[in-house]
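Heads up: the structure comes next, in structure tokens.
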Amino acid sequence: MSRITIIGCGVVGAAIAYELSLIPGLSITVLDKQLPAQGATSAALGVLMGIISQKIKGKAWQLRQTSLQRYETLIPELEANTNRQILYNRLGILMLVPSVADWENLVEIRQSQGWHLEIWDIDQVLSKCPQLNLENITAAIYSPQDRQLDPSGLTLALVEAAGRNSVNFKFGVTVEEITSTGGICYQIETSNGQIETDWIVISAGLGSTPITASLAQKIDIQPVLGQALHLRLENPLGNSDFQPVITSDDIHIVPVGDQEYWVGATVEFPTDAGEVVADPSLLDKVMAGAIAFCPPLSQATILRTWSGLRPRPQGYPAPIIGQLPGYNNILLATGHYRNGVLLAPATAIAIRDAILAKSGV
């Protein structure tokens, strides 16, 4: 039986734990210093921009495609196994654009790949979404196969389903030391005792940097702060039967049911001193931008605002998935930046396949 230890239980770590739990003969332990769905996961909007992204080939597109395909089976699978309802918006994403010049080619490419995108003119947009102000917009791109979900709800369902498959979760536990010989790590010293292991998967987001530094293979991951708002309206925006995610100029309006919406998010980098502090004026700018293309939001009640830190790799493309240099049995699944929720299923599949291949299964 292979013993696998996963460090980090955001959406990525939880997805890895669940996918591995479906393989017979594995003993899986998940460690996190916090409760599940904290950190970057708790701050994410869960907008799955795969088909509508401009990534058309290579690893970046394959990860997106794999995740979107897996989500269509994963969500009903988790709901059946846990009796949890996971917010999963199947009405797609509508992106308002000033010009369709850069999109006609993508529509053709997606069609050749078996996916669907539509270019809507102004009349089509207004017939479906009369709440929108299209003063500076000439068209929109509608992606009916992209999705949105609740990241925290998904993560908790993954943890529960994996737990039912005998995954051992240890929360409130910190990693203190990893012991290795000849590029093989076999023991983890934690605040809750020792763990003997055959594989280590580091999916700790920003926490991955100190862990890899302790192994003399520092992966530098920096925080990028994002702020968002949770709003409530007296009535649903536009057509109550058509509530997709609507996005314009990187501002997302996300319906979450009961006339409630998430709006976000800011992108705030560290100062030269390394500090990351939420700037209220930037959140005000996001809200003003959302109102500009969706005026009814000016009447909304703000239920809450929140912020979180996204893990952005320095010197590496995001995400980092693969073997930690110098170590035969440590895998990295970290640094997803703004795409952790989108790429969690594909990351989990990649880690699962790497472990099975190296184990000769």
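Brief remarks on what is shown
- Residues considered: ALA15, ALA162, ALA60. Largest GNM mean-square fluctuation over the chain, using C-alpha springs under 10 Å, is found at ALA60.
- A simple charge model with +1 on the Cβ of Lys and Arg, -1 on the Cβ of Asp and Glu and nothing else charged puts the dipole of the stretch 276-361 at about 100 debye relative to its Cα centre.
- Separation of the alpha carbons by more than 32 angstrom is noted, of LYS57/LYS285; LYS55/LYS218; LYS218/LYS358; LYS55/LYS358, for LYS57/LYS285.
- For the stretch 8-124: rounded, prolate or oblate by the Cα gyration tensor [a/c cutoff 1.5]: prolate
- Accessible surface ranking that places the most exposed of LYS57, LYS128 first, with a 1.4 angstrom probe: LYS57, LYS128
- Label-reachable residues, the stretch 330-361, where backbone N falls under 20 Å from a point 7 Å from GLU196's Cα toward its Cβ: 330, 359
- For the stretch 57-130: rounded, prolate or oblate by the Cα gyration tensor [a/c cutoff 1.5]: oblate
- Take the Cα radius of gyration of the stretch 270-311 and divide it by 2.2 N^0.38 Å, N being the number of residues; the result is 1.47.
- Within a Gaussian network of the chain (alpha carbon springs, distance under 10 Å), most fluctuating of LEU149, LEU94, LEU233: LEU233
- Packing-based ranking, highest mean first, of 243-254, 188-199 given that Cβ atoms within 10 Å are counted: 243-254, 188-199
- Principal-axis analysis of the Cα atoms of the chain puts helix 11-21 at an angle of about 60° to the longest axis.
- Adding -39500 (n - 2.57) for every DSSP H run of four residues or longer, then dividing by how many residues the chain holds, sets the calculated 222 nm ellipticity at -9500 deg cm²/dmol.
- Folded to 0 to 90 degrees: helix 280-293 orientation relative to the chain principal axis, Cα: 50
- Normalised contact order of the chain, rounded percent, pairs of Cα under 8 Å and 6 or more residues apart: 25
- Gained length - TRP306 relative to GLU77, 0.36 nm times residue gap less alpha-carbon distance: 79.4 nm
- Accessible surface for PHE242 stands near 20 Å², nearest 10, in the context of the full protein assembly shown (1.4 Å probe).
- Shape category assigned to the stretch 170-227 from the gyration tensor of Cα positions, a/c cut at 1.5: oblate
- Basic side chains Lys and Arg get +1 at the Cβ, acidic Asp and Glu get -1 at the Cβ, and with that the dipole of the chain about its Cα centre reaches some 780 debye.
- When the chain is treated as a Gaussian network with alpha carbon springs shorter than 10 Å, the biggest mean-square fluctuation among THR138, THR29, THR271 belongs to THR271.
- In Hz, Karplus ³J(HN,Hα) per residue of the stretch 167-184 (6.51, -1.76, 1.60; θ = phi - 60°; x = Gly, Pro): 5, 9, 9, 10, 9, x, 10, 10, 7, 9, 7, 10, 9, 9, 9, x, x, 10
The values are calculated or read from the model by the stated rules, or taken from the named source; none is laboratory data. Here the structure is a predicted model, which is why all the values come from computation and not from measurement. As a convention, Cβ positions derive from the backbone with ideal geometry for all residues, glycine included, and neighbour counts pool all protein chains shown. The area values use the complete protein model at the heavy-atom level, side chains included, leaving out ligands, DNA and RNA. Shrake-Rupley method; radii C 1.70, N 1.55, O 1.52, S 1.80 Å.
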